[in-house]
Amino acid sequence: MRRSLLLGFLILLAPAIFFVSVLFGSVDLSAGQVFDALLSRSNDITSDIVWKLRVPRVLAAFGCGGLLALAGTLLQVLLRNPLADPYILGVSGGAALGALSAMLFGLGMVNVNLAALCGALIAIAAVFGLSFRAGDWNLFCLLLCGVVLASGFGALISLVLVLAPQANLKGMLFWLMGDLSQADQTTPALILLAVLTVASLLFGGTLNILGLGDTKAKTLGVAVIPTQLAIFFAASIATAAAVVLGGTVGFVGLIVPHLLRLLGITDHRLLIPMAVLVGGGFLAISDTFARTFWAPLQLPVGIVTALFGVPVMLFLLSRKR
Amino acid sequence: MLRCTNLSLSYPGKTLCDNLSLEIAAGQSWAIIGKNGSGKTTLLHALGGLNAAASRQVFFRENNLGAYSRKTLAKNIGVLLQQEDANYWGSVRDYVMLGRYPHQRSIFGWQNQNLQLVEDAISRVGLTALASRAMHTLSGGEGQRARIALLLYQQPQIFLLDEPLQHLDLQYQQQTLKIFTELAQVEKRAVVMVLHDLMWIPRYCDHALLLYEGGHFILGPTAEVLNVENLENLYKCRLKAVESDFGRIFLPC
């Protein structure tokens, strides 16, 4: 019951985080001004700032964080490895290589995103093709293929960075560290987040069983291979969408599921919606901090997520011991 | 209830059982015994539908196991594995509640949980005081009892138990055997157990299957097949039978 109340609290907290994130920015707006602008859309400057700049940015941060937390939760179940994060299977490496290559050739942001999506899809196809054989797969093989591919992509990304002209380097590094300032395609990402969250929730009970191991899951009635394939593709697509939206934002996908488990949330029927809410809220707050703390300079949000997340996680771990 | 006809199981270069035909009826409790690596677990997995290749030769009621969905099998056949991933983050109670999974009809399944049955299952294995503890903090024997509680809550018609007594002290060994014998005799379920301790078999199992090297086997009522000659051939060591108030006991010489 207490866990269900926590979910209710998080659902109520989400609009508050949204409001606070929209409230802060390089232009000072009062809470009343933001509230009015949110309720009635007009043509004044305040409304433009709120609706054209801040709301899309906060929604992008929420979508990106939610997708990463969802992908991390799913991959930790699939690989039964607490170190699994959305980037472990090389999807982000493929996306980053695509995006940076597009930047190297001076393509616009739309093409950069398209290249990132293509890179991510190629990485998903490669890791799946290498590890799935004749209707069966070995999860260790999947993990190893992903890690090896990610290393290969890492080397190629370094090569692109070495070859890149000085003028492009900063943009590339921002993209690599996570940057929501160029986020577009927020609506499709939010729709995808909603669809994947509901779909994962439907499998929540099955995910609980899958954590006991493949054989035990079979004895309890789980069709193991189809379920694992569904998890793999859902997590990979969520990662690809998050990376295309905000670059490789670190830490959210690894830390959010752990944080909730340390708080005693182990049932995936609760863990999944909570991870999406906490991941989205955490990235929205982090991004607000990243764009206001050193304004007008914007920090890569990946730096902020790590600076916030590391002490919280270490504190919880030390208390648990 | 569960039968196999001409079932052969092997690994490359090693035959585990050759042309085994076996019928396990409701109310019976079977012991499978054999040396390490003789194929007891492989046979148990085949009987539980966990070996896809063997599923066509094992029949539950009228059909072979391959004809049933995983959920239907899980409603009827419960398997206690010899080893299970210890990577479960929840409490003992949460863990035991997973046993209801095959019976859940709704997506979320909360309403299908019978909390009284959960508590009964936990109580039968003596874990009531530890029900809220995290699974990963339990000792080996406590963990084994939690796994048995999950199986009890699963409520299958057939229990396939791979070394159910491992990690258990003497008290819980007997308690576990009493639980499953009662399920067989009173509720007419079928129980198949891989056991190493010969002391318990004459008292708690009415049938036994002895798996020999090379795929040979002997099966039948315990009183007939569990004798010094068969066991000496099985274990390749000298044994002595001692009659006690509780039945025959076999001691190594």
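Values in this text are rule-based calculations from the coordinates and carry no lab data. This one's a predicted model, so the numbers in the text were calculated from it and none came from an experiment. So basically every Cβ, Gly included, is an ideal-geometry build from the backbone, and we count neighbours across all protein chains shown.
Might you report the magnitude of the Cβ-based charge dipole of the protein assembly as shown about its Cα centre, with Lys and Arg at +1 and Asp and Glu at -1, to the nearest 20 debye?
On the way: 41 positive and 33 negative charges, 45 e Å.
For the protein assembly as shown, the charge dipole is close to 220 debye.
For B:Cys205, A:Cys64, A:Cys118, which order do you get if you count the other beta carbons within 10 Å of each Cβ and list the fewest first?
So the residues, fewest neighbours to most, are A:Cys118, B:Cys205, A:Cys64.
Given a Förster distance of 25 angstrom, what is the FRET efficiency for B:Ser132 paired with B:Ser69, based on the Cβ-Cβ distance and rounded to 0.05?
Numbers: r = 34 Å, r/R0 = 1.36.
The value I calculate is 0.15.
Run the quick spin-label model on B:Cys253 and B:Val228: label points 7 Å from Cα toward the beta carbon, then report their separation in nm to one decimal.
It works out to 0.7 nm between the two label points.
Give me B:Ile148, A:Ile231, B:Ile218 sorted ascending by neighbouring Cβ count inside 10 Å, so fewest comes first.
B:Ile218, A:Ile231, B:Ile148
At a Förster distance of 25 Å, what's the computed FRET efficiency of A:Asp48 paired with A:Lys170, Cβ-Cβ distance as r, to 0.05?
0.35
Taking a label point 7 Å from the Cα of A:Phe9 along the Cα→Cβ vector, which residues of the range A:284-321 have an amide N closer than 16 Å to it?
A:316
For chain B, compute the number of Lys pairs whose alpha carbons are separated by less than 24 Å, excluding pairs fewer than 8 positions apart on the same chain.
13
Which one, A:Gly72, A:Gly280, A:Gly205, has the greatest fluctuation when you compute a Gaussian network model over chain A with C-alpha springs under 10 angstrom?
A:Gly205
Could you tell me how far the Cα centroid of the range B:222-253 sits from the Cα centroid of the range A:248-321, in Å?
Computed from Cα coordinates, the inter-centre distance equals 63 Å.
Does anything in the range A:58-75 have its amide N under 16 Å from the 7 Å Cα→Cβ label point of A:Val20, and if so which residues?
It comes to A:58-59, A:62, nothing else.
Suppose R0 equals 45 Å; then what is the FRET efficiency for A:Asp136 and B:Lys240 from their Cβ-Cβ distance, rounded to the nearest 0.05?
Rounded to the nearest 0.05, the efficiency is 0.40.
Taking only the alpha-carbon atoms of the range A:2-320, what semi-axes of the equivalent ellipsoid follow from 5 times the gyration tensor eigenvalues under a square root, in whole Å, largest first?
Listed largest to smallest, the semi-axes of the range A:2-320 are 32, 26, 16 Å.
Taking the dipole about the Cα centre of the range A:2-320, with the C-beta of Lys and Arg at +1 and of Asp and Glu at -1, give me whichever of A:Leu220, A:Val91, A:Leu5 is farthest to the positive side.
A:Leu220
Distance between Cα centroids, the range A:139-194 to the range B:139-166: provide it in whole Å.
If you average the Cα positions of each part, the centres end up 47 Å apart.
Take every Cα pair under 8 Å in chain B that's 6+ residues apart, average their separations, divide by the length, and report that relative contact order as a whole percent.
Relative contact order comes out at 25 percent.
If packing is taken as the average count of other Cβ atoms within 10 Å, what order do B:165-174, A:302-311 fall into, highest mean first?
Listed from highest to lowest mean packing, they are A:302-311, B:165-174.
In what order do A:Trp175, A:Trp294, A:Trp137 fall by count of nearby beta-carbon atoms within 10 Å, going from fewest to most?
In order of increasing Cβ crowding within 10 Å: A:Trp294, A:Trp137, A:Trp175.
Need the full-extension length gain, A:Leu314 to A:Leu104, defined as separation in residues times 0.36 nm minus the C-alpha distance. One decimal, nm.
So the extension gain works out to 71.8 nm.
Give me log10 I(q)/I(0) at q = 0.11, 0.12 Å⁻¹ for the protein assembly as shown, Debye formula, one equal scatterer per alpha-carbon, no solvent.
Each listed q corresponds, in turn, to -1.00, -1.11.
Give me the one-decimal nm value for the distance between modelled label points at A:Ser158 and A:Arg41, 7 Å along each residue's Cα-to-Cβ direction.
Output for this residue pair reads 4.8 nm.
Using θ = phi - 60° and the Karplus curve 6.51 cos²θ - 1.76 cosθ + 1.60, what whole-Hz ³J(HN,Hα) does each residue of the range A:90-104 get, with Gly and Pro shown as x?
Calculated HN-Hα couplings, in order: x, 5, 5, x, x, 5, 5, 4, x, 5, 5, 5, 5, 5, 4 Hz.
Is any residue of the range B:190-234 close enough, with backbone N under 20 Å, to a label point placed 7 angstrom from the Cα of B:Asn6 along the Cα-Cβ axis, and if so, which?
In the range B:190-234, the label zone of B:Asn6 (backbone N under 20 Å from the point 7 Å along Cα→Cβ) covers B:215-219.
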